[in-house]
Amino acid sequence: MTSQSPDMKISLETPVRAPSAVPVDDAVLPFEVASLDLRGRLTRLGPALDDVLTKHDYPAPVGKLLGEAIVLTTLLGSSLKFDGRFILQTQTDGPVSFLIVDFQAPDRLRAYARYDAKRLKEGQDSGALLGKGHLAMTIDQGPDMSRYQGLVALDGGSLEDAAHEYFLRSEQIPTRVRLAVGEEWRGGGAGPKHRWRAGGVLLQFLPKAPERARQADLHPGDAPEGVAAHTVAEDDAWIEGQSLISTVEDIELIDPDLSGERLLYRLFHERGVRVFAPLPLRAQCSCSRDAVSAMLKSFAPDDRAAMVKDDKVVVTCEFCSSVYQFTPHEAGVE
Ligand SMILES: [Zn+2]
């Protein structure tokens, strides 16, 4: 490109700056590696995750698994462009039989798990904790809009595996996800000695030409015996993207002293990486005394009466462990 006069040079370059060294917790950082047609999001969770998990006092393996589900939810739900809701749920036959993470755009998170303490054993990975069943992702855009639900089978694999399966089958977008949850122990000084931390990254290949997004691991289908399976060559840019993200260590995802920008720079600096404004996250339940009262009033009179114990009705929110207490009269019991 030739400029018309020496003093009229127009730069088409995006401004370049050094990656910030300041770690930002409880936020999702969107990014782009334009030269490889990659887009992604990086989540770092500190106090918000600790808040959700310590309210329940879960055994460590259950807390870690719920933490992974929370990170996955932030990576998926933060792309919502509306004031909607993204709900991730698992229902399985393992020791952790139920997980739910409720993300309300733009930034509110709440979650809980149901588990059988007697079935927890040393060394169970997330696949063993979950067992078999399914993972459901629901996008709710409000009462006037239709709900979208995506389902994927859980068959002894991890939440990462389930996310890959979902994007391969339902969205057909080449996607890799990494999730990590850790416990931080601090000796001496004031403040809590134990804290939960988590991090995750989602990477997607979104080329302009759709044929470049073909994926190698699609099932070959019902080819007759003796016919070689049709192998699809993956695009070089996506091969490179997957190999870069596979180098991310769990410790890098949760390290409180490594900023998200530095981590992305470490991964993608040779190809050029661009970050966008971070999206903050917070742990906040949406329960209230009024909402619990309305729920009680929606029950059948006999069911309400059965809830009276010691002349009161006590309801505990499963998400945040808040306790709401009513007199029988307030609870609508005659
Ligand atoms: Zn609550």
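The values are calculated or read from the model by the stated rules, or taken from the named source; none is laboratory data. Just so it is clear, the model here is predicted, and its values are computed rather than measured. Note: ideal-geometry Cβ built from the backbone for every residue, glycine included; neighbour counts use all protein chains shown.
Number of residues in segment 285-309 that are more than 17 Å from Val333 (Cα to Cα) and surrounded by 15 or more Cβ atoms within 10 Å (Cβ to Cβ) equals 2. The set of residues from segment 235-285 being more than 22 Å from the chain's Cα centre (by Cα) and without any contact (Cβ under 8 Å) to a residue 24 or more places away in the chain comprises Asp236, Ile239, Arg266, His269, Glu270. Can you name the residue in segment 157-177 that is surrounded by fewer than 18 Cβ atoms within 10 Å (Cβ to Cβ) and of a type in the set (S, T, N, Q) and is also nearest to the chain's Cα centre (by Cα) among such residues? Here the answer is Ser170.
Which residues, taken from segment 78-112, are within 16 Å of the ligand (Cβ to nearest atom) and of a type outside the set (Asp, Glu)? Don't jump to the end; show me each part of the working.
At the first step, the residues of segment 78-112 found to be within 16 Å of the ligand (Cβ to nearest atom) are 85, 87, 100-104, 108-112.
Arg85, Ile87, Ile100, Val101, Phe103, Gln104, Arg108, Leu109, Arg110, Ala111, Tyr112 - these are the residues of segment 78-112 that are within 16 Å of the ligand (Cβ to nearest atom) and of a type outside the set (Asp, Glu).
Of all positions in segment 320-327, none carries a residue that is more than 16 Å from the ligand (Cβ to nearest atom) and not β-branched (Val, Ile, Thr). Looking only at segment 164-179, residues that are farther than 16 Å from Arg39 by Cα and at pLDDT 95 or above come to 1 in all.
From the list Leu66, Leu72, pick out the single residue that is outside any strand (DSSP E or B), touching a residue at least 60 places away in the same chain (Cβ under 8 Å), surrounded by 23 or more Cβ atoms within 10 Å (Cβ to Cβ) and not basic (Lys, Arg). Explain how you work it out, then say what you get.
Working: Leu66 fails: touching a residue at least 60 places away in the same chain (Cβ under 8 Å).
Step by step, each of Leu66, Leu72 is checked, and only Leu72 is outside any strand (DSSP E or B), touching a residue at least 60 places away in the same chain (Cβ under 8 Å), surrounded by 23 or more Cβ atoms within 10 Å (Cβ to Cβ) and not basic (Lys, Arg).
Considering the conditions (1) closer than 20 Å to Arg195 by Cβ; (2) modelled with pLDDT of 95 or more; (3) part of a loop (DSSP other than H, G, I, E, B), Gly94 is excluded by exactly one of them, (1).
With the requirement that a residue be crowded, with 18+ Cβ neighbours inside 10 Å and either assigned to a helix (DSSP H, G or I) or not hydrophobic (A, V, I, L, M, F, W, C) (or both), what does segment 75-88 give you?
Of everything in segment 75-88, those that are crowded, with 18+ Cβ neighbours inside 10 Å and either assigned to a helix (DSSP H, G or I) or not hydrophobic (A, V, I, L, M, F, W, C) (or both) turn out to be Leu75, Leu76, Gly77, Ser78, Gly84, Arg85.
If you go through segment 313-332 and keep only what is crowded, with 19+ Cβ neighbours inside 10 Å and farther than 28 Å from Ala283 by Cβ, you end up with just Ala331.
Of all residues in segment 97-129, those that are hydrophobic (A, V, I, L, M, F, W, C), buried (at least 16 other Cβ atoms within 10 Å of the Cβ) and closer than 30 Å to Leu279 by Cα total 8.
Taking the conditions exactly as written (assigned to a helix (DSSP H, G or I) and more than 16 Å from the ligand (Cβ to nearest atom)), does Asp290 satisfy them or not?
Working: assigned to a helix (DSSP H, G or I): yes; more than 16 Å from the ligand (Cβ to nearest atom): no.
Criteria not met by Asp290.
Count, please, the residues in segment 293-319 that happen to be assigned to a helix (DSSP H, G or I) and within 16 Å of the ligand (Cβ to nearest atom).
Looking only at segment 293-319, we keep the residues that are assigned to a helix (DSSP H, G or I), and these are 293-298, 301-306.
Narrowing the set further to residues that are within 16 Å of the ligand (Cβ to nearest atom) leaves 293-296.
Adding up the residues that qualify gives 4.
Looking across segment 271-283 at every residue that is touching a helix residue (DSSP H, G or I) at 6+ places or on another chain (Cβ under 9 Å) and part of a loop (DSSP other than H, G, I, E, B), the one that is surrounded by the most Cβ atoms within 10 Å (Cβ to Cβ) is identified as Leu281.
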